[in-house]
Amino acid sequence: MTRLLDAAPGYRARHTLPLRVEAVRQLKRRRTYVMGAILAALPFVLIAAFAIGGDPESRGNRITLMDTATASGANFAATCLFVSAGFLLVIPVALFCGDTVASEAGWSSLRYLLAAPVPRARLLWSKLVVALGFSAAAMLLLPVVALAAGTAAYGWGPLRLPTGGALAEGEGLVRLALAVAFVFVSQLVTAGLAFWLSTRTDAPLGAVGGAVGLTIVGNVLDAVTALGDWRELLPAHWQYAWIDALQPQLEWSGMVKGAAVSVAYALVLFALAFRGFARKDVVS
């Protein structure tokens, strides 16, 4: 069959299911708009909470990132990233990566895509790239909206550091961008889990919920101090390493270790997804 297709005039496997086509298909789905609205609304919810409850106050001599939330727009963006990185930002990654293949199977359209014919590896590649692109956009949407809303509410100024001192506006934005990039890389494990599960089930909620659930399990295991140094093998152990970017002197070690662990897990999971799907009997 493959040889016949390769010999067909004008047929090119790499031209099937273009990224722009898959991106438009995913963009038109209601869950994309709902997820975007939730992420965009969070900064305004926090602004309302601060307006009702007053400015946050430090706890004794210990100043946290939350205590500096209203110091400037940059501080507010960093605070929004802090309160959402542990769970909220997991959901769009799991949703976009876990729903992408399983939803096609659930709609009984997956077999028709393969009969188009779209090679299996090409189909997975297109869906994975688009899913990661939408996940990255979700990661970027929250801090961008938070920065704009925070600047309007609290003014434009330096990024005040919890450890003392401040970073100039330009340097503060660079550090925030680095923090967002690390958060995205740290979520690649969730993306890998969701994408692998999406190739194993016809139930999108099963893939999304499974990825979120396993991510929560990782967070629980990281809280078990009895595991000692074994916790460093858990991606959850490094999920807040980006806070090292908000220090007077940029510290790379934690972020490098965390990125290495996350990428290693993600590559294994993506490889399992491609290998398993290549041998799967697709009937839906």
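crowded, with 16+ Cβ neighbours inside 10 Å, basic (Lys, Arg), modelled with pLDDT under 90 and under 23 Å from GLY86 (Cβ atoms): does that describe ARG160? Against the criterion (crowded, with 16+ Cβ neighbours inside 10 Å, basic (Lys, Arg), modelled with pLDDT under 90 and under 23 Å from GLY86 (Cβ atoms)), ARG160 qualifies. Tell me which residues, restricted to segment 250-266, are among the aliphatic types (A, V, I, L, M), without any contact (Cβ under 8 Å) to a residue 24 or more places away in the chain and more than 16 Å from THR215 (Cα to Cα). Within segment 250-266, VAL256, ALA260 qualify.
Sort out which residues of segment 166-206 are touching a strand residue (DSSP E or B) at 6+ places or on another chain (Cβ under 9 Å) and part of a helix (DSSP H, G or I), and write them in order of number.
Of all residues in segment 166-206, those touching a strand residue (DSSP E or B) at 6+ places or on another chain (Cβ under 9 Å) come to 166-169, 171-176.
The answer is GLU169, GLU171, GLY172, LEU173, VAL174, ARG175, LEU176.
Of all residues in segment 222-249, those that are closer than 26 Å to LEU159 by Cβ have Cβ atoms under 7 Å from Cβ atoms of residues that are of a type in the set (Lys, Arg) and open to solvent by less than 60 Å² (accessible area, probe 1.4 Å), 6 or more apart or on another chain, in HIS237/ARG231; ALA245/ARG175; LEU246/ARG175.
The set of residues in segment 90-107 that are over 16 Å from THR199 (Cβ atoms) and surrounded by fewer than 24 Cβ atoms within 10 Å (Cβ to Cβ) comprises VAL90, ILE91. Listed by first and then second residue, the pairs linking a residue in segment 132-149 that is in contact (Cβ under 8 Å) with a residue 24 or more places away in the chain to a residue that is outside any helix (DSSP H, G or I) and surrounded by fewer than 17 Cβ atoms within 10 Å (Cβ to Cβ), with Cβ atoms under 9 Å apart and 6 or more places separating them unless they lie on different chains, are LEU142/LEU88.
Condition first: over 18 Å from ASN75 (Cα atoms) and at pLDDT 85 or above. Can you find one or more residues in segment 2-16 that meet it? No.
The values are calculated or read from the model by the stated rules, or taken from the named source; none is laboratory data. All figures in this text were calculated on a predicted structure; none of them were measured in a lab. No Cβ is skipped: glycine too gets one built from the backbone with ideal geometry, and neighbour counts run over all protein chains shown. Side chains are part of the model used for accessible areas, which takes the heavy atoms of the whole protein and leaves out ligands, DNA and RNA. Shrake-Rupley method; radii C 1.70, N 1.55, O 1.52, S 1.80 Å.
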